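Read through the structure below, which is laid out as structure tokens, and then see the notes.
Each value in this text was obtained by applying a stated rule to the coordinates, not by laboratory testing. Remember, predicted model here, so these are calculated numbers, not experimental data. Glycine gets a Cβ as well: all are built from the backbone with ideal geometry, and neighbour counts include every protein chain shown.
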Amino acid sequence: MDDLRSALERASDEIAGYRERLVDSRVTPLQRRAEVAAALPEQVPDRPAPLSHLLDELLAVAGPGLMASAGPRYYGFVTGGSLDAALVADVLASGWDQCAFNEAMSPAALAFEDVAGAWLKQLLALPATASVGFVTGAQAANTVGLAAGRWRVLRDHGWDVGRDGLHGAPRVRVVASAERHATIDRSLRLLGLGEAAIEEVPATPTGAMDTDALRAALDRGPDGPIIVCAQAGNVNTGACDDLAATAAAATAAGAWLHVDGAFGLWAAASPRTAHLVAGLELADSWACDGHKWLNVPYDSGYAFCAHPDVHAAALAYTAEYLTGQVAGRRFGGGDFVPESSRRARGFATWAAIRSLGRSGVADLVDRCCARARRFAERLDAVDGVEVVNEVVLNQVLVRVGDADTTERVVERVQADGTCWLGATTWHGERLLRISVSNWSTTEADVDRSVEAIGRARSHVLVAPPPAGG
Ligand SMILES: *Cc1c(COP(=O)(O)O)cnc(C)c1O
């Protein structure tokens, strides 16, 4: 036990020091994947390693390959950091090693999911009666929501997909925006509906689904099972679909409405942004992430469903040996997710919300939006740089030049290491993409990052293109 105690003390020391240094540290790792791997033996070592030696090795080898994505100047993808409270709770979840399958396996894991789930519904203005599955992320949550929708719309057309699968089933139409997230397509592949089931609805210039076009698509198509897939928070622009109008159209068509709100659903948690997702409570299922905007450590996502019976019918299983799985039981845990054995993710989410309170969550959302607007103002003021989207949430798209210049600016920014961001293609144009999703990003971080971007662009404009480029 002495070994364990000292190793844990060292690990917690290391974590605390790492996080203190994040405030000022270089964001981009010093080593690439192959360099990190090269420092480790290729063959399984013959002998056991003492914990302290192993820890030496782990810290020394992993260190140079760590991306400071938990820090304040990482703006890639949509990447939250982790709140101190959520981190500590998640470390405990590892130490306790609980399985969150059902109550028999861990009353505490299930109870914290129950409470954290109820709190999430309050913060996100979802129906209090909705069921909640704690999953790995929005990819899994989209799959769960679409699985519930598939079960329900087929049952409405006399088909039991759980028993009979899709062989010979009525064709399911999936009506989704041209601006849907790519994970929707993967979920449809996994669910056997296939990408070809998608009927694409054009988006407006902001990146939200065109609701007139949605209505037209629903009027035009054949009668039959339909799933409508809407989005809160476009990964490029942050735009949210008009959920009230989408819900009205979906209801009129007898369709299931799923909302992919991986990060955008958090707009509901602040009075300043809640109008962007008005009507969200009218949907049938929702996907949301904890590891993005709530700043819970990876991995953490939530699958909500307005119809717990449908949710469980689509996902739950039972077997004789699973005590606690008896008639009249309360659903929860493994009933609402695709996994069987599962990490206890409720502790970290509970801790994040407990530490912030309702006002703190709203403030986290507002702060990230304010920093994104600051990015937009400051970057717009740089000669030759232009922000192309209306910054409604935490996402900023920036024009710095043609496609080649854009790639080179991104490379230069990443190599410089002050901050980290990526590029995207939006309406056929290569642009810088900035996502402010970290609780700790300050105005000074934004200003430092704007300077780094300006520096990188100046460098690229005066430097000759790389050989062969
Ligand atoms: C990030 C994201 C996803 C996928 O979420 P994961 O957490 O990576 O599984 C899906 N949809 C949207 C809109 C996203 O931003």
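Per residue, the Cα convex hull of region 334-396 amounts to 148 Å³. Taking the centroid of alpha carbons for each part, region 408-469 and region 350-371 are 27 Å apart. Once the C-beta distance of Val382 and Ala274 is scaled by a Förster radius of 30 Å, the resulting FRET efficiency is 0.40 to the nearest 0.05. Couplings 3J(HN,Hα) of region 129-135, computed from phi: 8, 5, 8, 10, x, 8, 10 Hz, in residue order, whole Hz [Karplus 6.51 cos²θ - 1.76 cosθ + 1.60, θ = phi - 60°; x for Gly and Pro]. Normalised by 2.2 N^0.38 Å, where N is the number of residues, the C-alpha radius of gyration of region 73-152 stands at 1.29. The ranking of Met105, Met209, Met67 by Cβ neighbour count inside 10 Å, starting from the fewest, reads Met67, Met105, Met209. Sorted fewest first by neighbouring Cβ atoms within 10 angstrom, Leu280, Leu193 come out as Leu193, Leu280. Note on region 174-279: antiparallel DSSP beta bridges, both residues inside, total approximately 15 percent of the bridges counted.
Among Gly133, Leu397, Gly360, flag the residue with its Cα farthest along the positive direction of the charge dipole of the chain, charges on Cβ as +1 for Lys/Arg and -1 for Asp/Glu. The one lying farthest along the dipole's positive direction is Gly360. What the Cβ-Cβ distance of Arg220 and Val462 gives, at R0 = 41 Å and to the nearest 0.05, is a FRET efficiency of 0.15. For a test of the definition: using alpha carbon positions, the gyration tensor, and the 1.5 limit on a/c, classify region 9-110 as rounded, prolate or oblate. Oblate, since a/c reaches 1.5 and b/c is not below a/b.
If you wrap the chain in the convex hull of its Cα atoms and look at it from every side, the mean projected area works out to 25.5 nm².
Taking a ≥ b ≥ c as the square roots of the eigenvalues of the Cα gyration tensor of region 219-327, is the shape rounded (a/c under 1.5), prolate (a/b larger than b/c) or oblate? Because a/c hits 1.5 or more and a/b fails to exceed b/c, region 219-327 counts as oblate. Pairwise alpha-carbon distances in region 135-212 exceed 17 Å for 49% of all pairs. Extension gain for Ala118 to Met67 (0.36 nm times residue separation, less C-alpha to C-alpha distance): 15.0 nm. In whole Å, what is the distance between the alpha-carbon centres of region 103-170 and region 244-312? So the separation of the two Cα centres works out to 12 Å.
Exposure proxy ranking for Ser341, Ser106, based on other Cβ atoms within 10 angstrom of each Cβ and starting from the fewest, stands as Ser341, Ser106. Return the percentage of antiparallel bridges among DSSP beta bridges fully within the chain, rounded to the nearest 5 %. Taking every DSSP beta bridge within the chain, about 60 percent pair in antiparallel fashion.
For region 251-402, how big is the tail of P(r) above 27 Å, as a whole percent of Cα pairs? Taking all Cα-Cα pairs of region 251-402, the fraction more than 27 Å apart is 41 percent. Diffusion of region 82-124 by Stokes-Einstein, at 37 °C in a medium of 0.692 mPa s and with Rh set to the Kirkwood radius over alpha-carbon pairs, works out to 290 µm²/s. Expressed in Å, the radius of gyration and Dmax of the Cα atoms of region 115-171 are 14.4, 42.
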